[in-house]
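Student: Have a look at this one.
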Amino acid sequence: MNQQEGLLSVETDRKEIHFPLSFEEWEQKAAGMMQPGGYGYACSGAGKGETGRRNEEAFGKWAIVPRMLSDVSDGDMSVTLFGRTYKTPFLLAPIGMQKLAHPEGELASVKAASNLNVPFILSTVASHSIEEVAAAAPTGSKWFQLYWSNNEEISFSMVERAEKAGYEAIVVTVDTVRTGFRETDIRSEFSPLSKGLGKANYVSDPAFMKALKSQDDDAIVASILENIQTLSLHWRHIAKLKERTNLPILLKGILHPEDVQTALEYGVDGIIVSNHGGRQLDGVIGALDALPSIAEAVQKRIPVLFDSGIRRGTDVVKALALGADAVLIGRPFLYGLAAHGQQGVEKVIEGFTRETEISLSLSGIANLSQIGRLKMVRA
Ligand SMILES: Cc1cc2nc3c(=O)[nH]c(=O)nc-3n(C[C@H](O)[C@H](O)[C@H](O)COP(=O)(O)O)c2cc1C
């Protein structure tokens with residue numbers, strides 16, 4: 001064997017994998033791994049995609065004015081949410097039907113999140129049930145995202161199951177009283193819910209199964225679709241939920257400061273500033289541009305989390321500086337999952353950790369309690 005052959009075989013034995021680095025590279029790799037319908041579903045937004053674009057562009061319109069001579073040698077970006085401390089200010093956003101990205105779906109993502117001490121938010125329309133996900137990562141922090149059901153006994157039942165299975169918070173998504181007008185999916189006739197891909201939490205739910213008229217697949221899917229469109233969703237539902245659970249309740253999808261005032265009156269425990277990654281109402285404000293007025297309205301009384309457009313560590317710093325206590329990583333982790341399963345999700349989180357850490361040091365911020373020292377200006 002000559003030297004060159006030897007080197008080659010060493011590399012083969014080590015099976016060196018080259019992971020993507022930037023969001024764009026992860027997205028490109030995911031596009032090659034996912035079925036076209038599933039990828040179209042993941043990457044596209046509602047309408048003409050105005051909000052999706054605006055979410056990302058909003059970051060370029062804010063600039064960080066860093067601080068110098070700040071001694072950042074004791075770098076620490078830990079954050080405490082609802083009594084639990086995490087080393088990084090990240091959570092994995094609720095993303096439905098993760099089997100579209102990888103055969104192991106949410107089980108791979110929750111293990112990755114748990115290994116890196118990042119809370120995992122399980123979607124109502126997941127490919128795996130509340131209990132299966134809990135069993136896959138028993139010690140990891142898990143929150144449950146609720147799509148309110150028209151038959152509210154189903155909502156209460158899912159919340160009760162989540163509480164029993166050790167989930168630590170309930171995220172009620174309030175921007176999805178019906179699905180947005182998603183042209184890509186309409187064109188490709190791709191409706192994963194109609195294919196039954198998001199049924200795991202329903203078919204394992206006693207209240208849902210009890211209300212079913214027939215247990216065949218078509219009836220199950222029809223009943224999910226009937227329950228998930230909740231045009232009547234109102235603050236009174238939040239009041240009822242408060243009575244039914246001891247877990248903290250966060251509202252995901254708040255963009256208007258006056259909704260913050262109402263949320264506080266109803267005893268809501270946290271706000272997630274989000275426009276669902278541009279997948280719901282097209283034409284709405286870029287989520288980052290909504291953040292300062294929400295943070296102002298909250299006045300630090302409850303945690304303010306943020307998502308929609310977070311693509312890299314500098315985005316995280318900007319969101320923190322504009323008032324977020326932590327951020328949800330959405331599409332980037334989904335693409336990591338599609339490209340390399342659990343390991344891909346871990347690599348994406350590690351990439352965020354590294355760049356956020358570097359960016360905070362270079363901004364002159366040693367720990368997140370100092371984030372107010374940064375000035376943010378319009379670029
Ligand atoms: C494919 C996909 C599925 C999603 N499913 C859900 C869901 O089931 N529940 C929910 O509250 N949000 C869902 N979201 C929205 C995310 O939680 C998050 O708000 C969004 O991804 C943020 O935008 P970004 O990924 O562009 O940063 C989904 C997003 C994507 C891309």
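Conditions (1) at pLDDT 95 or above; (2) surrounded by fewer than 22 Cβ atoms within 10 Å (Cβ to Cβ); (3) not hydroxyl-bearing (Ser, Thr, Tyr), marked per residue:
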| site | (1), (2), (3) |
| --- | --- |
| Asp74 | yes, yes, yes |
| Ser78 | yes, yes, no |
| Phe82 | yes, yes, yes |
| Phe90 | yes, no, yes |
| Lys99 | yes, yes, yes |
| Val110 | yes, no, yes |
| Ala113 | yes, no, yes |
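Student: Now for a separate question. Taking segment 296-314, which residues are within 11 Å of the ligand (Cβ to nearest atom) and of a type in the set (Gly, Ala, Ser)?
Tutor: Listed by number, the residues that qualify are Ser308, Gly309.
Student: Among what's in segment 123-139 and is open to solvent by less than 10 Å² (accessible area, probe 1.4 Å) and free of Cβ contacts under 8 Å to residues at least 60 places away in the same chain, pick the residue that is nearest to Arg354 (Cα to Cα).
Tutor: Ala137
Student: Okay, moving on. Of (1) under 28 Å from Leu146 (Cα atoms); (2) in contact (Cβ under 8 Å) with a residue 60 or more places away in the chain; (3) open to solvent by less than 10 Å² (accessible area, probe 1.4 Å); (4) more than 15 Å from the ligand (Cβ to nearest atom), Ser363 satisfies all except one. Which?
Tutor: Here Ser363 meets the rest and fails (1).
Student: Within segment 131-158, track down each residue that is within 18 Å of Lys199 (Cβ to Cβ) and β-branched (Val, Ile, Thr).
Tutor: Selection gives Val133, Ile154.
Student: Check Leu212, Leu241 and return the single one that is farther than 20 Å from Phe120 by Cα and free of Cβ contacts under 8 Å to residues at least 12 places away in the same chain.
Tutor: Leu212
Student: Please give the number of the condition Pro94 fails out of (1) assigned to a loop (DSSP other than H, G, I, E, B); (2) surrounded by fewer than 17 Cβ atoms within 10 Å (Cβ to Cβ).
Tutor: (2)
Student: Working only within segment 315-336, note down all residues that are out of contact with any Gly (no Cβ under 8 Å at 6 or more places or on another chain), open to solvent by 10 Å² or more (accessible area, probe 1.4 Å) and either among the basic types (Lys, Arg) or within 7 Å of the ligand (Cβ to nearest atom) (or both).
Tutor: Those that are out of contact with any Gly (no Cβ under 8 Å at 6 or more places or on another chain), open to solvent by 10 Å² or more (accessible area, probe 1.4 Å) and either among the basic types (Lys, Arg) or within 7 Å of the ligand (Cβ to nearest atom) (or both): Lys318, Leu334.
The values are calculated or read from the model by the stated rules, or taken from the named source; none is laboratory data. Every value quoted in this text rests on a predicted model; they were computed, and no experiment measured them. Backbone-built Cβ (ideal geometry, glycine too); neighbour counts: all protein chains shown. Keep in mind that these areas ignore ligands, DNA and RNA; they rest on the heavy atoms of the full protein, side chains included. Shrake-Rupley method; radii C 1.70, N 1.55, O 1.52, S 1.80 Å.
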